[in-house]
Amino acid sequence: MSAENKTSRLGSVYQAESSEDVARVYDAWAEKYDEDMSLAGYRHPAISLALLCRHAPKGAAPLLDAGAGTGLIGEWLAITGFAHVEALDISAGMLSVAGRKGIYKALHQAALGTKLPFADNRFAAIISAGVFTSGHVGVEGLDDLLRVCAPGGIVVLTVKDVLWQSGFRARIEALEAGGVCALIDDTGPYVSMPGEEGTTPSRCIALRVA
Ligand SMILES: C[S@@+](CC[C@H](N)C(=O)[O-])C[C@H]1O[C@@H](n2cnc3c(N)ncnc32)[C@H](O)[C@@H]1O
């Protein structure tokens, strides 16, 4: 894909007005996504894996990759000691690429921001990279992720800084005050795609569920 097409795909997804639009853009992008993100110097997978390994016990299972896409993170999870990982994504096309890699124990097509198809406390840890960002999922996706993570479990999320400043940080402070979770790590702002002009900062955080 030319640089121009890649930029227009990212632009379409950032401006998407519904989850169906987001799924359509990613369905069409799935086969070229890994190559494009590699060219953009995409850093969220490495940074979120670093936080997960810092805070979750090796082998914690089952683990959920929420908004797993094509499985860029799943490819590294087995190497870092997490053998039972399940993928969730809204895009069937992205999940299909992830499935071909043979790294996930289960693939779930579902939308963050709605009630997830899992029992309370189902996962020992959750990782979500590149999902809480413009045009994707906002703070409304947070509470149900915490519901499906077991007490003591770790939730690692990247969050676009503009979302962090406009409600995400406040929601986490409220959840902390309510005894639901604790913010245990925060990278502060960094640029997730240094090769993509105009990328605004994100951060990666870790929460421990009470
Ligand atoms: C930038 S990609 C990140 C994929 C993968 N985590 C990675 O780091 O390569 C964003 C992913 O979030 C998914 N997504 C967007 N909105 C979603 C939603 N409401 N629920 C679940 N997945 C969603 C997209 O389909 C896409 O696969």
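Results, tabulated for the structure shown:
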read-out	value
Principal-axis tilt of helix 3-14 within the chain, Cα atoms, nearest 10 degrees	40
Solvent-free Debye scattering, log10 I(q)/I(0), computed from the Cα coordinates of the chain at q = 0.09, 0.14, 0.16, 0.19 Å⁻¹	-0.30, -0.78, -1.05, -1.56
Order of Asp120, Asp89 under a 10 Å beta carbon neighbour criterion, fewest first	Asp120, Asp89
Mean ellipticity per residue at 222 nm, deg cm²/dmol - from DSSP H runs of n ≥ 4 across the chain, formula -39500 (n - 2.57)	-10500 deg cm²/dmol
Ranked list, fewest to most other Cβ atoms within 10 Å of each Cβ, for Ile127, Ile205, Ile154, Ile184	Ile184, Ile205, Ile154, Ile127
Positive dipole terminus of the chain, leading residue within Gly69, Ser18, Pro201 (C-beta point charges)	Gly69
Residues Ile184 and Gln109, FRET efficiency given R0 of 41 Å [Cβ-Cβ distance, rounded to 0.05]	0.85
Dipole in debye (nearest 20) - the stretch 92-193, about Cα centre, beta carbon charges: Lys, Arg +1; Asp, Glu -1	500
Student exercise, the chain dipole from Lys, Arg, Asp, Glu Cβ charges, in Debye to nearest 20	540
Interchain or long-range residues, amide H under 5 Å from Ile126's placed H	Leu64, Ile154, Val155, Val156
Spacing of the two label points (7 Å from each Cα toward its C-beta) at Gln165 and Gln15, in nm	2.2
Exposure proxy ranking, count of Cβ atoms within 10 Å, fewest first, for Cys53, Cys204, Cys149, Cys181	Cys53, Cys181, Cys149, Cys204
Neighbourhood net charge (13 Å Cβ-Cβ; Lys/Arg +1, Asp/Glu -1) for Val209	-1
In the stretch 109-210, the GluC sites (Glu not before Pro) that fall in loop regions by DSSP, at most 16 other Cβ within 10 Å	Glu197
Radius 14 Å from Cβ of Trp76, net charge of other residues (Lys, Arg +1; Asp, Glu -1)	0
Unsatisfied cross-links (Cα-Cα over 25 Å) in the set Lys105/Lys160; Lys115/Lys160; Lys32/Lys160; Lys32/Lys101	Lys105/Lys160
Positive-end residue of Ala129, Val148, Phe168, charge dipole of the stretch 77-199 with Cβ unit charges	Val148
Length-normalised contact order of the chain in % [C-alpha pairs under 8 Å, at least 6 apart]	22
Selected from Pro57, Thr158, Tyr104, residue furthest toward positive end of dipole (the chain; charges at beta carbon)	Pro57
For Cys181, distant residues with modelled amide H under 5 Å away	Glu176, Ala210
Longest site-free stretch - the chain; sites: trypsin sites (Lys or Arg not before Pro), DSSP loop, at most 13 other Cβ within 10 Å	116-210
Cα gyration tensor category, rounded, prolate or oblate, for the stretch 85-210 with a/c compared to 1.5	oblate
Förster-model FRET efficiency, 25 Å R0, Lys32 and Asp144, C-beta, rounded to 0.05	0.25
In Hz, Karplus ³J(HN,Hα) per residue of the stretch 94-106 (6.51, -1.76, 1.60; θ = phi - 60°; x = Gly, Pro)	5, 5, 5, 5, 4, x, 5, 6, x, 10, 9, 6, 8
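Each value in this text was obtained by applying a stated rule to the coordinates, not by laboratory testing. Every value quoted in this text rests on a predicted model; they were computed, and no experiment measured them. As a convention, Cβ positions derive from the backbone with ideal geometry for all residues, glycine included, and neighbour counts pool all protein chains shown.
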